[in-house]
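Peer 1: Supplied in structure tokens, the structure appears directly below.
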Amino acid sequence: MTDPARLDASAIATAVRNRRMSAETVVRAALEAIERRNPALNCFTDVLRDRALEAAASVDDRLSAGGDPGPLAGVPFGVKNLFDVRGLPTLAGSKINRDLPPARADAVLVRRLEAAGAVLVGTQHMDEYAYGFTTENSHYGPGRNPHDLARVAGGSSGGSAAAVAAGLVPLSLASDTNGSIRVPSSFCGIFGLKPTYGRLPRTASFQFVHDLDHLGPFARTVTDLALCYDAQQGHDAGDPMCARRPVEPALPRLGEPIDGLRVSVLDGWFRDTAGPQALDAVATVARALQAGPDTTLANAAEARAAAFCITAASGADLHMENLKKRQADFDPAVRDRLLAGALLPASVLVHAHRLRRWFRDQVAEAFRHADILIAPSTPCPAPLIGQPTIRLGAEEVPTRPNIGVYTQPISFIGLPVVGVPVHGSEALPIGVQIIAPPWQEQLALRVAAHLERIGVVGAPIAEAP
Amino acid sequence: MPPEISEDDALTAVDAMSRLIGLPILPGHRAGVALNLARLMVQARLVQSVVLPEETEPASVFTP
């Protein structure tokens, strides 16, 4: 019999709904896989064994009674530990938050996945307060990449990505402020969806930068990504930035042809400093999609700089009280960046917000000539844990602040992106961003599904090295 | 330290600004904050190098 821990979400849900496999069997397999591999990977921070087994039994009971537990029946999933989970303090990767009272209710997106039949099995490791691209966390140790344990999983949602890549769970929920879904999706070789800013409610999750925070899923197939995304859509009044848009299901449209779509590769900022493997991956995807003329986004470097400044200042404001009272309790790498952000002149911040509107309009103009834009997710594959610098073009630059150079200009203006994994001839995978106009997640997902069907992208389980 | 900004300037700014806004920075954290402030100011200069049309309003939305 197939190991249920290795199945993807849609295969699990089908098997559970058809009574070929019980939810309990699936969840026990996931718990066993986590127990076996988490000590090496360090991707789960809390495992919710009792809660998960109770929820699985409830799914099985519902099926036995002739009910429909939902499209994600029995699918185990994990959440980055910045989502509220009933009974746990919401750590957000920090030591300070251990002193918070336990959450009294689950985050809205957790509730929505459970309402669709999915089973929460645990919370997952991240950079402190989501401020990082590597999940190197001084309190809880580095999150490790399942393709090579000496390398980072990426961040800040590193634990969530590693858990999916290693086959411990088929789905994880994560957040992306500057690249925290797309970077670990690249390094761990899986699919990630960062929806349009305002699409999915962030209610009852720990914020980082209100103007830039997005939530979204990781999966090993595009179908699973769409299945999960569809179950999460819908307005929630608890998030003031959540758009009042109708649910626009992506799953039913995944198989639609992409003929006639105008695809364009971003050049300039997105090409000039990328490493060879990133360039190869973009070229492979561009060829498969018969991409037309390249597109230049003017001032992409400045847009990235604006996201950098807004992030530092907003993060500093959010944590100001603790920066005054508990400075020594922060991860040093995060602390120093937050303290610097607190000292940023206000006019820079205002200009950055004006630039945001202006850059959005420039990119909207670019979308008059292209339906989909393509760019690397990261300049290089996963660096080694502790690696101080990476190469950007001719320069050696500090690793942690610079991995997101190609993701930051895109999330800065809230565009939906699917991160697709390219497993070429190299040992490590690398990701490519499939970028769509605002609210066109289904378009990016359709393109990703096409690439997956023709074998250009994919996410095989990373076996233990 | 980025070449555009001197270490002295960054340390002076950290000391002065932290005093002015009432955010004490522990002695052991001062050099790291100065380094990060210098990196941040390089990005800030890049942001402010873009001359925007006067009518471009900030992106933040507030609905009373």
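The values are calculated or read from the model by the stated rules, or taken from the named source; none is laboratory data. Since the model is a prediction, treat every value here as computed from it, not as a measurement. Note that each Cβ is placed from the backbone with ideal geometry, even for glycine, and that neighbours are counted across all protein chains shown. Just so you know, the surface numbers come from the protein's heavy atoms only, side chains and all, with ligands and any DNA or RNA stripped out. Shrake-Rupley method; radii C 1.70, N 1.55, O 1.52, S 1.80 Å.
Peer 1: Before we move on, is A:Ser156 touching a residue at least 40 places away in the same chain (Cβ under 8 Å), over 26 Å from A:Pro381 (Cα atoms), among the hydroxyl-bearing types (Ser, Thr, Tyr) and buried (at least 24 other Cβ atoms within 10 Å of the Cβ)?
Peer 2: no
Peer 1: Let me ask you something else. Residue pairs, Cβ under 8 Å, 6 or more apart or interchain, first in region A:136-150 and within 21 Å of A:Glu426 (Cβ to Cβ), second polar (S, T, N, Q). List them.
Peer 2: That search, which allows pairs on different chains as well, returns A:Arg144/A:Asn42.
Peer 1: Go through (1) within 14 Å of chain B (Cβ to nearest Cβ); (2) crowded, with 21+ Cβ neighbours inside 10 Å; (3) not charged (D, E, K, R) and name the single condition A:Ala243 misses.
Peer 2: Going through (1) within 14 Å of chain B (Cβ to nearest Cβ); (2) crowded, with 21+ Cβ neighbours inside 10 Å; (3) not charged (D, E, K, R) one by one, A:Ala243 breaks only (2).
Peer 1: OK, next. So which pairs qualify, if the first residue must be in region A:354-369 and within 13 Å of chain B (Cβ to nearest Cβ), the second must be buried (at least 17 other Cβ atoms within 10 Å of the Cβ) and among the charged types (D, E, K, R), the Cβ gap must be under 7 Å, and the two must be at least 6 apart or on different chains?
Peer 2: A:Leu355/A:Glu302
Peer 1: Does A:Pro249 fit the bill of being within 14 Å of chain B (Cβ to nearest Cβ), open to solvent by 40 Å² or more (accessible area, probe 1.4 Å) and either within 23 Å of B:Asp9 (Cβ to Cβ) or in contact (Cβ under 8 Å) with a residue 12 or more places away in the chain (or both)?
Peer 2: Considered against the rule, which asks whether it is within 14 Å of chain B (Cβ to nearest Cβ), open to solvent by 40 Å² or more (accessible area, probe 1.4 Å) and either within 23 Å of B:Asp9 (Cβ to Cβ) or in contact (Cβ under 8 Å) with a residue 12 or more places away in the chain (or both), A:Pro249 comes out as no.
Peer 1: Could you grab me the full set of residues in region B:47-58 that are within 8 Å of chain A (Cβ to nearest Cβ), more than 12 Å from the chain's Cα centre (by Cα) and of a type in the set (A, V, I, L, M)?
Peer 2: Those that are within 8 Å of chain A (Cβ to nearest Cβ), more than 12 Å from the chain's Cα centre (by Cα) and of a type in the set (A, V, I, L, M): B:Val50, B:Leu52.
Peer 1: Counting residues that are facing chain B (nearest Cβ under 7 Å) and crowded, with 24+ Cβ neighbours inside 10 Å, which helices (runs of 4 or more DSSP H) fully inside region A:289-351 reach at least 2?
Peer 2: A:300-318, A:332-342
Peer 1: All but one of (1) in contact with a Gly (Cβ under 9 Å, 6 or more places away or on another chain); (2) surrounded by 18 or more Cβ atoms within 10 Å (Cβ to Cβ); (3) more than 10 Å from chain B (Cβ to nearest Cβ) hold for A:Leu415, so report the exception by its number.
Peer 2: The number of the failed condition is (1).
Peer 1: Might you check whether a residue that is more than 7 Å from chain A (Cβ to nearest Cβ), open to solvent by less than 50 Å² (accessible area, probe 1.4 Å), without any contact (Cβ under 8 Å) to a residue 12 or more places away in the chain and hydrophobic (A, V, I, L, M, F, W, C) occurs anywhere in region B:9-28?
Peer 2: Yes: one or more hits.
Peer 1: Does B:Leu40 count as part of a helix (DSSP H, G or I), without any contact (Cβ under 8 Å) to a residue 12 or more places away in the chain, within 7 Å of chain A (Cβ to nearest Cβ) and open to solvent by 50 Å² or more (accessible area, probe 1.4 Å)?
Peer 2: Against the criterion (part of a helix (DSSP H, G or I), without any contact (Cβ under 8 Å) to a residue 12 or more places away in the chain, within 7 Å of chain A (Cβ to nearest Cβ) and open to solvent by 50 Å² or more (accessible area, probe 1.4 Å)), B:Leu40 does not qualify.
Peer 1: Considering (1) at pLDDT 95 or above; (2) touching a strand residue (DSSP E or B) at 6+ places or on another chain (Cβ under 8 Å), say which one A:Trp358 fails and leave the rest.
Peer 2: Condition (2) is where A:Trp358 drops out.
Peer 1: Quick one: is B:Val61 within 8 Å of chain A (Cβ to nearest Cβ) and either out of contact with any Pro (no Cβ under 7 Å at 6 or more places or on another chain) or not in a helix (DSSP H, G or I) (or both)?
Peer 2: Taking the combined requirement at face value, the residue does not satisfy it.
Peer 1: Let me ask something else about it. Check A:Phe187, A:Phe133 and return the single one that is part of a helix (DSSP H, G or I) and farther than 29 Å from A:Gly70 by Cβ.
Peer 2: Step by step, each of A:Phe187, A:Phe133 is checked, and only A:Phe187 is part of a helix (DSSP H, G or I) and farther than 29 Å from A:Gly70 by Cβ.
Peer 1: Listed residues A:Leu88, A:Leu31, A:Leu48, A:Leu72; which is within 21 Å of A:Pro217 (Cβ to Cβ) and crowded, with 24+ Cβ neighbours inside 10 Å?
Peer 2: Exactly one residue qualifies, and that residue is A:Leu72.
Peer 1: Another question about this same structure. Any idea which of (1) touching a His at 6+ places or on another chain (Cβ under 9 Å); (2) open to solvent by 10 Å² or more (accessible area, probe 1.4 Å) is the one A:Ala162 doesn't satisfy?
Peer 2: For A:Ala162, the exception is condition (2).
Peer 1: To continue, here is another question. Which is at pLDDT 95 or above and either surrounded by fewer than 24 Cβ atoms within 10 Å (Cβ to Cβ) or within 14 Å of chain B (Cβ to nearest Cβ) (or both), of A:Ile390, A:Ile434, A:Ile430?
Peer 2: A:Ile390
Peer 1: Looking at region A:294-310, I want the residues that are polar (S, T, N, Q) and have a partner that is assigned to a helix (DSSP H, G or I) with Cβ atoms under 6 Å, at least 6 apart or on another chain. Which pairs are those?
Peer 2: A:Thr295/A:Ala366
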